[in-house]
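Novice: First the structure, which I've put down as structure tokens, then a few questions once you've had a look.
Please treat every number below as a calculation from the coordinates, not as lab data. Predicted, not measured: the structure shown is a model, and the values here were computed from it. All Cβ positions, glycine included, derive from the backbone under ideal geometry; neighbour counts span all protein chains shown.
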Amino acid sequence: MTMVAGTISTLVDPFGPAVAHLAASDPDWANLIARVGPCGLQSIPEREPYEALIRAIAHQQLHARAAEAILNRFLAFYPDVSFPSPTSILATDGNIMRACGFSAAKVTTIHGIAEKTLDGIVPARSAALAMTDEELNSRLVSLRGIGRWTVEMFLIFTLERPDVLPIDDFGVREGWRVMKSLPKQPLPKELFKIGLDWSPYRSTAAWYLWQVADQFKRLKAK
């Protein structure tokens, strides 16, 4: 896979141009990349948008392991499919979903995603691929419980969009603070301006900033 202007396509080195661009833009980027190593950004492009959004909702404000445990309990109710259809989700009683570990607010959001998928507001993957980042964001944030961050995760990890920078993401902002040895994180609007130099490879930049934030967190925990 390789980073291109609109999507990520298949070739030998997926992130070579992106890594070269970032490393050339700033010595601190070059040092960070050398320390972290090759970009390991992994997407799951075969998922339909409604599934990707529901999975993202499950992960909101939870540790990854806790979110996956809840999802696994939920999916156990549908043993014959890899993921339930929107119709099946709407037919599932909210109390059952609560018993899996979803909060009442998340149950409402998940039912809303399923409903809007049937209504065509949440597009099928084939339609989503033809839409711009902003078109998708404008449409999807109209759903209850779906914010810009959730859409950005969908753009990066499902649609493989290469130029997405989640400026509100704590890890991304913390990664920049650590990389630059700053006393505090940049404001989202400040990071947006800084990140313009990383375009058209801001998704790769986000991945590296997540890594340095995680490394710093582990060091503090020792």
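Novice: In degrees between 0 and 90, to the nearest 10, how far off the longest principal axis of the chain does helix 202-221 point, with axes built from Cα atoms?
Specialist: Orientation of helix 202-221: about 90 degrees from the principal axis.
Novice: Pull up the cross-link candidates among the lysines for Lys116, meaning alpha carbon to alpha carbon under 20 Å and not fewer than 8 places away within one chain.
Specialist: Lys106
Novice: Label-point separation (nm) for Glu190 and Ala124, each offset 7 Å from Cα along Cα-to-Cβ?
Specialist: So the label points at Glu190 and Ala124 sit 4.7 nm apart.
Novice: Cβ under 14 Å from Glu46's Cβ, Glu46 left aside: what net charge do those residues give with Lys, Arg +1 and Asp, Glu -1?
Specialist: After counting each charged neighbour, the total is 0.
Novice: Here is a follow-up. ³J(HN,Hα) across the range 150-155 via Karplus (A = 6.51, B = -1.76, C = 1.60, θ = phi - 60°), whole Hz, x for Gly/Pro?
Specialist: 4, 5, 5, 5, 5, 5
Novice: Can you put Leu187, Leu159 in order of Cβ neighbours within 10 angstrom, beginning with the fewest?
Specialist: Leu187, Leu159
Novice: Also, quick follow-up: What number results when the radius of gyration of the chain, computed over Cα atoms, is divided by 2.2 N^0.38 Å?
Specialist: In units of the 2.2 N^0.38 Å rule of thumb, it is 1.07.
Novice: Rounded to the nearest 500, what is the chain's calculated 222 nm mean residue ellipticity when only DSSP H runs of at least 4 contribute -39500 (n - 2.57) each, over all residues?
Specialist: Mean residue ellipticity, 222 nm, calculated: -17500 deg cm²/dmol.
Novice: For Asp28 and Thr87, what does the FRET efficiency come to when R0 = 45 Å and r is the distance between their Cβ atoms, rounded to the nearest 0.05?
Specialist: Computed FRET efficiency for Asp28 and Thr87 comes out at 0.35.
Novice: Where the centroid of each part is defined by its Cα atoms, how far is the range 70-90 from the range 121-170 in Å?
Specialist: Result: 23 Å between the Cα centres.
Novice: Pairs of alpha-carbon atoms within less than 8 angstrom and 6+ residues apart define the contacts here; what relative contact order does the chain have, in percent?
Specialist: Relative CO of the chain lands at 25 percent.
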